[in-house]
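Undergrad: Before I ask anything, here is the structure I am working with.
The values are calculated or read from the model by the stated rules, or taken from the named source; none is laboratory data. In this text the structure is predicted, and so the values were computed from the model without any measurement. Virtual Cβ from ideal backbone geometry, glycine too; neighbours counted across all protein chains shown. What goes into the accessible areas is simple: the full protein's heavy atoms, side chains included, and nothing from ligands, DNA or RNA. Shrake-Rupley method; radii C 1.70, N 1.55, O 1.52, S 1.80 Å.
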Amino acid sequence: MSVLRPTTIDEAVAVLSAQPEAIPIAGGTDLMVHWPHRLELHEKTFVDLSRLTALRGLRWQDGDLVMGALTTYWDVLLDEQIGRRFPLLHRAARQVGAVQIQTRGTWAGNVGNGSPAADGVAVLMAYDAMVELTSVRGVDVVPLRDFYTGYKISHRTPDQLITAIRLPGIPYRTQIFEKVGARKAQAISKIGVAMVEAPGGWVVVANSMAPTIRRCRAVEAVLNSGHPISSPEALHDTILQDVHPIDDLRSTGEYRVRVMARLLYHDLREHIAAFS
Amino acid sequence: MPLAPLLRREGLAKLSGREQYVDDLDIPGALHGITVRSTSARGTIRNIRFDPEIDWSSFVIVDHRDVPGLNTVKLIETDQPALAATEVRHIHEPVVLLAHPSRRALRKAVRAITIEVDPLPSVLDFTVRPTPEQIQHGSDNIYKQITITKGDARSILADAPIIVEGVYRTGAQEHVYLEPQGMIAEEVDGVIIIRGSMQCPYYVHTAVCHALGREADQVRIIQTPTGGAFGGKEEFPSGVAIHAALLALKAGRPVRLVYDRTEDLAATTKRHPSWTRHRTAVASDGQLLAQEITFLLDGGAYMTLSPVVLSRGMIHAAGPYHCEHISIDGRAVLSNTVPFGAFRGFGAPQSLFAVERHMDRIALRLGLDPVTVRQRNLLADGQTTATGQVVADGVDRQGLLNRALSLSDYAAKRETHRQFNIDTPDRRRGIGLTTFFHGAGFTGSGEVYLDSKVAVAGLPDGTIEVRTASTEMGQGTTTIFTQLASDRLGLPPEAVAIAQPDTAVVPNSGPTVASRTAMIVGRLVQEACDDLRRQLSLDATDRGNDVAEAIRAWHRTHPNGLLLGQGHYRPPPGIEWDEGTYRGEAYGAYGWAAYVAEVEVDLRTYGTTVLDFVAVQDVGTVLNTTLARGQVQGGVAQGIGWTLMEECQWEDGAMTNNQLTNYIIPTSSDIPPIRVAFQETPYPHGAEGAKGLGELPMDGPAPAIANAIAAATGAEAAVLPLTPERLMADLDR
Ligand SMILES: Cc1cc2nc3c(=O)[nH]c(=O)nc-3n(C[C@H](O)[C@H](O)[C@H](O)COP(=O)(O)OP(=O)(O)OC[C@H]3O[C@@H](n4cnc5c(N)ncnc54)[C@H](O)[C@@H]3O)c2cc1C
């Protein structure tokens, strides 16, 4: 294993351009999991991002929230303004691992890892986040909702570094995040739902329901239509238009669909008069 | 006089990270070892292929041909090979061992070895009768069959107007001790010395002597500080020790064989899965008229301890109730999965879950409160258990139940839940109850057979050393023995050392299992103290400095002498047990308990939260309140895990979720306040009146929680674990 330690973004992207098989490493909380057994990783070159001070911290710009790629869950939890403007970021951050992971794990790493069960990605996508990708070729900005093209496959090319995540400063009404894990803490989501009511309509994001985290356009359309929903079961077909959850070690496809429907139904009945 | 309180003696070393576990020991020149395992559930080994890409000359390689003695892990039976020779019976069965200076090289090497197997039909469901091609043990794959008969249940059931039936199942459970299995072996001057994580040094000693063909004095087993065990380090370490020794002998150097978590989860023993059917004749007032019980255990691929797990499960299967007519039929059967083994409770949690869930079914059927059904049937002094043992210990069992009801506010909660469940669309609350018992010590004549011995040495400086084979594994042996010896001789705790269990030093006080340590071995520690005093010609009034001074004086007149007080087990009077008929005194003493759980079920997710837990028990005199409460709280937490989330997932008899990300144990956020209360009825033959405690708290949570879930939702709640997925299917019925 070799580790490169660039100190500027220019250096870092130059390295990635010269060695596209090199792997960026931020908190390492995904990359180091089961390390002793992932022998194939031991031969690789890693690009340690920890010295890229330019990627640290978050700032507000024209009302938008811009998180540098090294922003951790803990950084977000310490920021009260985020708690007011984007409360789902706090709610998700508090449920990621425990304090050790929250202080080391980064939002960009969560995006970069691309797990279909990533809690951070779900709430970022609900807030319509934009991913800033930088390479020697220039800067690309990709909406997170279009970022993933398949299981752990994204638009990021190997020479690109995620440099920032930007959340548009829009006022939201209802904001809901549900994480269903096999226990109350330190659990990987079996089902996650992040949804917000934006000026342009509902945004509904499902995690652990498909090979990627994704927007549920059919569910959004039903919610936007304002038609009453008679029961959780009435949502099953709509959900299945959006996602096709599988049986795996953590749960069953059937459970996932039914519980997602029940979460939507029960969580929204307080918010939408039409449901009662 | 209660014993003076004492903090856990090894507590600070553990809290501060200074404790040295086996993997922390710095043994110069030690190689690492690793185990190459079967990837087939059953078959004949055709070939073992070593990938030529690897330079095998740098590895120490061991297979069955390197076993100098008998190629078995000796326990009740000798059916389990130390290393598979011609046939494998489960995935992860050890076949080849490797040693090398580098752990990484070993991990690579394991992947470069293929064990080629011609498959044979495997048994993957222990509840289905095997076909002839699947037979691997005796004529029927049954490791052990037991029947317990009291009265004539069959004829009562034949004429009974009300019969309540039910089938209950429980799943496997992993011990998840924090420290995985591990041993270091080396040969020094012709003696094989094995250090490692274990509960029972003399079990390991016997097994190693047997497999290595060595005399007792050529093998020395030393327990290292053990980071949890729960039964998982009762019999399993014997195999690890044999493996480490085989590698060390072939390497001519020390070898360290320490499992990592994924290997430990995949390859080690687990709690026996169970299947229980109850048919019960009841009177309309809830009185039990006849109980007919069938109890099946999945033994896995080798016998290990299954016969005795079955035995304990069956003795507890009828519950702590009086019934004149009981018939219990039980079998432990083979399947081609990793062998199941000892786990806290040892069969009783399984059978008690069934009977206690069934008691609530009976109550429901009769329209009675579950409390009433239990009050009507709880054993009273003078009545007999399923094996005909007369209960006469003076324990107020009705009082235990009442205390649990009042501490949990049972009656009022039932009312508030009724209203809550009407008012709340997406949540349901319920409260559940269980009354149960747990026999302490070995079953029947087991303690006589163990023939336990303890020594207390008086040292030249006037201090003493307690020498037993009973191990500290987090439960408090060291602290309790210190308290007992210090109290007995009036010496300060600092003047009492507890010898690290080492078969070259300590006598065999039996295995550290079956909730026997404080009660039985603790008593022997007291007797050894008395014997020491006798040897010093002191009488019982001589304490403290008089004792220390007498010890020093003895050594002045006996330079280099060995001053040993001895304790030797003698059974209490009136204990009679017939192994053939399963009649008699199954246990010298029972702990009794009443537990209450309050739950909330989220109807959106089918997830269960335990809101409150009350655990009331009589375990005789409590020797150390902090430790005792810790045992109960820990047992309840482990029980909550088994009940709600811990599930081994299987494919071809191998665990597929062998990582702690996917094998889910409870976190502190999943555990409610656990309110513990003791009623103390001294047991005259236990140390200071103590009875067994360690296993009892594992028995209660499952039925209490399942009964609470049933009360909340109307679920059957008959299959554990009650994961949200399973509860969803249950409520769909
Ligand atoms: C105990 C434990 C609990 C966990 N719990 C949760 C949980 O509850 N919810 C959850 O969603 N996740 C959880 N995780 C996973 C992990 O912590 C998160 O995904 C975290 O956000 C990863 O961030 P990191 O900085 O550690 O990523 P790393 O491990 O450093 O990297 C992850 C991936 O992203 C890539 N990457 C990182 N930064 C960049 C960048 N700037 N540009 C391009 N690529 C990049 C890396 O190459 C790698 O592929 C848990 C992990 C552990 C070990």
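Undergrad: Roughly how big is the range B:452-568's charge dipole about its Cα centre, with Cβ charges of +1 (Lys, Arg) and -1 (Asp, Glu), in debye to the nearest 20?
TA: With only Lys, Arg, Asp and Glu charged at Cβ, the dipole is about 240 debye.
Undergrad: Using Cα-only point scatterers and the Debye equation, what is log10 of I(q)/I(0) for the range B:452-568 at each q in 0.09, 0.19, 0.20 Å⁻¹, rounded to two decimals?
TA: Here log10 of I(q) over I(0) equals -0.21, -0.91, -1.00.
Undergrad: Per-residue accessible area for B:T224 at 1.4 Å probe radius, Å² rounded to 10?
TA: B:T224 exposes around 10 Å² with every protein chain in place.
Undergrad: Put B:L644, B:L75 in order of accessible area, largest first, 1.4 Å probe: what do you get?
TA: Values: B:L644 15, B:L75 50 Å².
Largest accessible area first, the list is B:L75, B:L644.
Undergrad: Interface A/B, total buried accessible area with a 1.4 Å probe, nearest 100 Å²?
TA: Numbers: alone 13210 and 27400 Å², together 37950 Å².
Result for this pair: about 2700 Å² buried.
Undergrad: Which residue fluctuates most in the GNM of chain A (Cα springs below 10 Å): A:L41, A:L144, A:L16?
TA: Evaluated over chain A, the most mobile residue of the options is A:L41.
Undergrad: Give me the orientation-averaged projected area of the Cα convex hull of the range B:89-246, in nm², one decimal.
TA: Directional mean of the projected Cα hull area for the range B:89-246 stands at 15.6 nm².
Undergrad: Next question, about the same structure. Which whole number of Å³ per residue matches the convex hull of the alpha-carbon atoms in the range B:390-514? Let's see the in-between values first.
TA: On the way: hull volume 26.3 nm³, N = 125.
Once divided by residue count, the hull of the range B:390-514 is 210 Å³.
Undergrad: Here's another thing I want to ask about it. With a/c under 1.5 counting as rounded, go ahead and sort chain B into rounded, prolate or oblate using the C-alpha gyration tensor (a ≥ b ≥ c being the square roots of the eigenvalues; past the cut-off, prolate if a/b is larger than b/c, else oblate).
TA: On the way: a/c = 1.72, a/b = 1.15, b/c = 1.50.
Taking the square roots of the gyration eigenvalues as a ≥ b ≥ c, chain B is oblate.
Undergrad: Could you tell me the largest-minus-smallest coordinate of the C-alpha atoms of the range B:600-733 on each of the three principal axes, in descending order and whole angstroms?
TA: Here the spans come out as 51, 35, 24 Å, largest first.
Undergrad: Is there a quick way to get the dipole size of chain A? I mean about its Cα centre, with the Cβ of Lys and Arg at +1 and of Asp and Glu at -1; what is the value in debye to the nearest 20?
TA: On the way: 29 positive and 29 negative charges, 115 e Å.
Here chain A has a charge dipole of around 560 debye.
Undergrad: Could you state the number of Å between the C-alpha centres of the range A:217-276 and the range A:127-171?
TA: A separation of 28 Å, based on Cα centres.
Undergrad: Return the single residue from A:P232, A:P199, A:P211 with maximal mean-square fluctuation; model: Gaussian network over chain A, springs between Cα atoms under 10 Å.
TA: Ranking A:P232, A:P199, A:P211 by mean-square fluctuation puts A:P199 first.
Undergrad: While we're here: Rg and Dmax of the range A:161-241, using alpha carbons, in Å: what are they?
TA: Radius of gyration, then largest Cα-Cα span, for the range A:161-241: 14.5, 46 Å.
Undergrad: Considering the dipole of the range A:45-94 built from charges on the beta carbon (Lys and Arg +1, Asp and Glu -1) around the Cα centre, which of A:I82, A:L52, A:A93 is farthest to its positive end?
TA: In the range A:45-94, that residue is A:A93.
Undergrad: Let me ask something additional. Amide H to amide H, which residues 5 or more places from B:I498 or on other chains are under 5 Å from it, using H placed in the peptide plane?
TA: It is B:V466, by chain and number.
Undergrad: Find which of B:G635, B:A82, B:A4 sits farthest along the positive direction of the dipole of chain B, computed with +1 on the beta-carbon of Lys and Arg, -1 on that of Asp and Glu, about the Cα centre.
TA: Result: B:G635.
Undergrad: Then there is this: Where the convex hull is taken over the Cα atoms of the range B:64-171, what is its projected area averaged over directions, in nm²? Don't jump to the answer; show the numbers that get you there.
TA: On the way: hull surface 48.5 nm².
So the mean shadow area of the Cα hull is 12.1 nm².
Undergrad: What figure, in Å² to the nearest 10, do you get for the accessible area of B:R418 with a 1.4 Å probe and non-protein molecules left out?
TA: 130
Undergrad: What is the spin-label model distance, in nm, from B:T262 to A:S50 if the labels are put 7 Å beyond Cα along the C-beta direction?
TA: Calculated label separation equals 2.5 nm.
Undergrad: Next question. Per Stokes-Einstein, at 10 °C and 1.306 mPa s, what whole-number D in µm² s⁻¹ belongs to the range A:56-160, with the Kirkwood radius over Cα pairs as the hydrodynamic radius?
TA: Values: Rh = 14.1 Å.
Translational D for this selection: 112 µm²/s.
Undergrad: Follow-up. Under a straight-distance cross-link criterion of Cα-Cα below 24 Å, which lysines are reachable from B:K453, leaving out those fewer than 8 residues away in the same chain?
TA: B:K74, B:K233, B:K691
Undergrad: Under a Cβ-only charge scheme (Lys and Arg +1, Asp and Glu -1), can you give me the dipole magnitude of chain B about the Cα centre, in debye to the nearest 20? Don't jump to the answer; show the numbers that get you there.
TA: On the way: 67 positive and 86 negative charges, 77 e Å.
The calculated dipole for chain B is roughly 360 debye.
Undergrad: Reachable lysines from A:K179, Cα under 28 Å, same-chain residues fewer than 8 places away excluded?
TA: A:K152, A:K190
Undergrad: Give me the distance between the Cα centres of the range B:464-513 and the range A:76-98, rounded to whole Å.
TA: Computed from Cα coordinates, the inter-centre distance equals 51 Å.
Undergrad: Can you divide the C-alpha Rg of the range A:126-276 by 2.2 N^0.38 Å and report the result to two decimal places?
TA: Working: Rg = 16.7 Å, N = 151, 2.2 N^0.38 = 14.8 Å.
It is 1.13.
Undergrad: So if we plug the beta-carbon distance of A:W35 and B:Q218 into 1/(1 + (r/R0)^6) with R0 = 45 Å, what FRET efficiency do we get, rounded to 0.05?
TA: Values: r = 40 Å, r/R0 = 0.89.
E(calc), rounded to 0.05, equals 0.65.
Undergrad: Net charge near A:D159: determine it from the other residues with C-beta under 15 Å of the C-beta of A:D159, scoring Lys and Arg +1 and Asp and Glu -1.
TA: Working: positive: A:R137, A:R156; negative: A:D10, A:E11, A:E21, A:E132, A:D140.
Spelling it out: positives minus negatives among the neighbours equals -3.
Undergrad: Over the range B:290-357, what is the relative contact order in whole percent, taking alpha-carbon pairs under 8 Å and six or more residues apart?
TA: Details: 118 pairs, mean separation 33.1, N = 68.
Answer for the range B:290-357 is 49 percent.
Undergrad: Note down, for the protein assembly as shown, the three equivalent ellipsoid semi-axes (square root of 5 times each alpha carbon gyration tensor eigenvalue), biggest first, whole angstrom.
TA: Working: eigenvalues 500, 292, 162 Å².
Its equivalent ellipsoid spans semi-axes of 50, 38, 29 Å.
Undergrad: While we're looking at this one, here's another question. Given H placed 1.01 Å from N in the peptide plane, which residues other than close sequence neighbours of A:L65 have an amide H under 5 Å from its amide H?
TA: A:L167, A:G169
Undergrad: Under 14 Å from the Cβ of B:L693, count the other residues' Cβ atoms, weight Lys and Arg +1, Asp and Glu -1, and hand me the total. If you can, show how the numbers build up before the last one.
TA: Working: positive: B:R344, B:R516, B:R629, B:K691; negative: B:D618, B:E680, B:E688, B:E695, B:D699.
For residues surrounding B:L693, the net value is -1.
Undergrad: Lys and Arg at +1, Asp and Glu at -1: add these up for the other residues within a Cβ distance under 12 Å of B:A158 and post the number. Show your work: numbers first, answer last.
TA: Values: positive: B:R154, B:R279; negative: B:D152, B:D159, B:E292.
Surrounding charge for B:A158 is -1.
Undergrad: A further question on this structure: Please report the base-10 log of the normalised intensity I(q)/I(0) for the range B:488-628, using a Debye sum with one equal scatterer per alpha carbon and no solvent, at each q in 0.12 (1/Å).
TA: -0.76
Undergrad: Determine the shape class of the range B:196-247: with a ≥ b ≥ c the square roots of the Cα gyration tensor eigenvalues, call it rounded for a/c under 1.5, and otherwise prolate if a/b is greater than b/c, oblate otherwise.
TA: Details: a/c = 2.01, a/b = 1.84, b/c = 1.09.
Note, shape of the range B:196-247 comes out prolate.
Undergrad: How far is helix A:9-18 tilted, in degrees, relative to the longest principal axis of the Cα atoms in chain A, given as a value from 0 to 90 rounded to the nearest 10?
TA: Taking the Cα atoms of chain A, the angle to A:9-18 is about 80 degrees.
Undergrad: Let me ask something else about it. Once the dipole of the range B:452-568 is set up with Lys and Arg at +1 and Asp and Glu at -1 on Cβ about the Cα centre, which of B:V496, B:H568, B:S486 lies farthest towards its positive end?
TA: Of B:V496, B:H568, B:S486, it is B:H568.
Undergrad: Using amide H atoms built in the peptide plane, which far-off residues or other-chain residues are under 5 Å from B:V36 H to H?
TA: Amide H to amide H, under 5 Å and 5 or more residues apart or across chains, B:V36 pairs with B:V95, B:V96, B:L97, B:L98.
Undergrad: Provide, for q = 0.09, 0.14, 0.15 Å⁻¹, the log10 of I(q)/I(0) from a solvent-free Debye sum over equal Cα point scatterers in chain A.
TA: Each listed q maps to, in turn, -0.42, -0.99, -1.13.
Undergrad: Given the pairs A:K44/B:K14; B:K14/B:K270; A:K184/B:K108, which span a C-alpha to C-alpha distance of over 30 angstrom in this model?
TA: Where the Cα-Cα span goes over 30 Å, the pairs concerned are A:K44/B:K14; A:K184/B:K108.
Undergrad: In whole Å, what is the distance between the alpha-carbon centres of the range B:640-703 and the range B:105-120?
TA: 36
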